1. Suppose we keep only residues that are in a helix (DSSP H, G or I) and touching a residue at least 40 places away in the same chain (Cβ under 8 Å) within the stretch 22-31. Which one would you say is nearest to Lys242 (Cα to Cα)?
2. Among the residues of the stretch 57-82, how many are within 12 Å of the ligand (Cβ to nearest atom) and either in a loop (DSSP other than H, G, I, E, B) or acidic (Asp, Glu) (or both)?
3. Would you please name the residue that is nearest to the ligand (Cβ to nearest atom), looking only at residues in the stretch 113-153 that are assigned to a helix (DSSP H, G or I) and closer than 18 Å to Asp72 by Cβ?
4. Consider Gln115 carefully, then state whether it is modelled with pLDDT under 95 and either surrounded by fewer than 23 Cβ atoms within 10 Å (Cβ to Cβ) or not aliphatic (A, V, I, L, M) (or both).
5. Among the β-branched types (Val, Ile, Thr), in contact (Cβ under 8 Å) with a residue 40 or more places away in the chain and surrounded by 15 or more Cβ atoms within 10 Å (Cβ to Cβ) - does that describe any residue in the stretch 32-49?
6. Pick from the stretch 282-326 the residues that are at pLDDT 95 or above and on the phi > 0 side of the Ramachandran plot: which of them is nearest to the ligand (Cβ to nearest atom)?
7. Please go through the stretch 26-56 and pick out each residue that is more than 13 Å from Leu239 (Cβ to Cβ) and within 16 Å of the ligand (Cβ to nearest atom).
8. Consider the stretch 216-253. How many of its residues are more than 30 Å from Ala24 (Cβ to Cβ), out of contact with any strand residue (DSSP E or B) (no Cβ under 6 Å at 6 or more places or on another chain) and surrounded by fewer than 16 Cβ atoms within 10 Å (Cβ to Cβ)?
Amino acid sequence: MSIPFLDLHAAYVELKAEIDAAVARVLDSGWYILGAELEAFELEFANYCGAQHCIGVGNGLEALRLSLQAMDIGPGDEVLVPSNTYIATWLAVSQVGATPVPVEPDERTYNMDPQRIEDAITPRTRAILPVHLYGQPADMAPILACAEKHGLEVLADGAQAHGARYRGAAIGGLGNATAWSFYPGKNLGAFGDAGAVTTNDPKLAERIRVLRNYGSRVKYVNEVQGFNSRLDEIQAAILRVKLHYMDDWNARRVRTAQRYSEAFAATGLILPTVVAKAEPVWHLYVVRLMQRDALQAKLGEMGVQTLIHYPIPPHLQQAYAGYPAPDLAITRAMAEQVLSLPMGPQLTEAQVETVVDATLEAMKVLRP
Ligand SMILES: *Cc1c(COP(=O)(O)O)cnc(C)c1O
């Protein structure tokens, strides 16, 4: 039996009747951009996140970039970002002309280490941009306290953590704003590109709403030089269907993560740690091992597909050539050691057991 890392087609098959009906409803409506489906989804997702406002945009990168722009962050400003995130987090900062300043993670949680934030703050720092990486909520309480103390904005990147909770609260209502991606592989995924921002700040919400649609509130009246970054009606209708199932699908991920953690407890693999009062949604289940490449090769031979998130940290990418590179030793080590095991709501119990058996067998050889 060969196990794919993530089976998106199986997700469609499970909800086919409802998704097909939602798509047909939009096609039959004759209205395809900025309509009733998006309005309904924005209300439903804001509600789900415990936030007052939700603004649908084109994708996760735009959700980040438009939020920064709406916060008036630009040239000369610094934004603290995780050193070990997906490059989109950095690109959003660079695209508004500001400078991403990397902060290394807590090695147990892979999330921005609040202890290191204070050291990275300069007179130019304008915002902290924590990522809820791999579906684990970032440690927001000390981050929010630090932001308050220094007068900084907090924009969170929730692209990997739809449904995650921190100290009993949905993460989408924390800080000044949260940016979301609905890229197909995310915990709440469209069948194309889509994104959103949630916030409790009505002014920020309004600015993003104007920026996403050519800087216009009234058709053909342009207040600012905006963008075309809209979440279309078909994707919105699909996301409304999938939002109903998201908690259930996240619960399946939790069960798989629990099974992995119990099965691998004594193998020598470094397993993900859940911090107190956090409810992760396991976008990815990431283990660490010095002999990571050998483990990945062995699992591959046994038909288990794994991925690396991420093999090259942003500051070492060619895209950031010439970036004044700090050492970032933890980040470099992680890039060499992390491995993501198959994870998704459609992974069957039998498939999970196959991954468990293959991993135990591989570890017997690597750590006899
Ligand atoms: C996926 C992702 C993004 C970007 O989302 P897109 O919709 O692909 O633009 C941003 N940040 C993180 C952490 C992501 O995983």
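The values are calculated or read from the model by the stated rules, or taken from the named source; none is laboratory data. Not measured: the values here are computed from a predicted model. For neighbour counting, all protein chains shown are included, and Cβ atoms are generated from backbone atoms with ideal geometry for every residue, glycine included.
1. Going through the stretch 22-31, the residues in a helix (DSSP H, G or I) turn out to be 22-29.
With touching a residue at least 40 places away in the same chain (Cβ under 8 Å) added as a condition, the list becomes 22-23, 25-27, 29.
Numbers: Ala22: 11, Val23: 13, Arg25: 16, Val26: 16, Leu27: 18, Ser29: 20 Å.
Only one residue tops the list, namely Ala22.
2. Within the stretch 57-82, residues that are within 12 Å of the ligand (Cβ to nearest atom) and either in a loop (DSSP other than H, G, I, E, B) or acidic (Asp, Glu) (or both) number 3.
3. Taking the stretch 113-153 as the starting set, the residues that turn out to be assigned to a helix (DSSP H, G or I) are 114-120, 133-135, 140-150.
With closer than 18 Å to Asp72 by Cβ added as a condition, the list becomes 147, 150.
On the way: Ala147: 19, His150: 24 Å.
The extreme case among them is Ala147.
4. Values: modelled with pLDDT under 95: yes; either surrounded by fewer than 23 Cβ atoms within 10 Å (Cβ to Cβ) or not aliphatic (A, V, I, L, M) (or both): yes.
For Gln115, the condition - modelled with pLDDT under 95 and either surrounded by fewer than 23 Cβ atoms within 10 Å (Cβ to Cβ) or not aliphatic (A, V, I, L, M) (or both) - is met.
5. Of the residues in the stretch 32-49, the ones among the β-branched types (Val, Ile, Thr) are 33.
The next check asks that each one be in contact (Cβ under 8 Å) with a residue 40 or more places away in the chain; those that pass are 33.
From what is left, the residues that are surrounded by 15 or more Cβ atoms within 10 Å (Cβ to Cβ) are none.
Looking through the stretch 32-49, none of the residues is among the β-branched types (Val, Ile, Thr), in contact (Cβ under 8 Å) with a residue 40 or more places away in the chain and surrounded by 15 or more Cβ atoms within 10 Å (Cβ to Cβ).
6. Checking each candidate, the answer is Trp282.
7. Ile55
8. Counting residues in the stretch 216-253 that are more than 30 Å from Ala24 (Cβ to Cβ), out of contact with any strand residue (DSSP E or B) (no Cβ under 6 Å at 6 or more places or on another chain) and surrounded by fewer than 16 Cβ atoms within 10 Å (Cβ to Cβ) gives 7.
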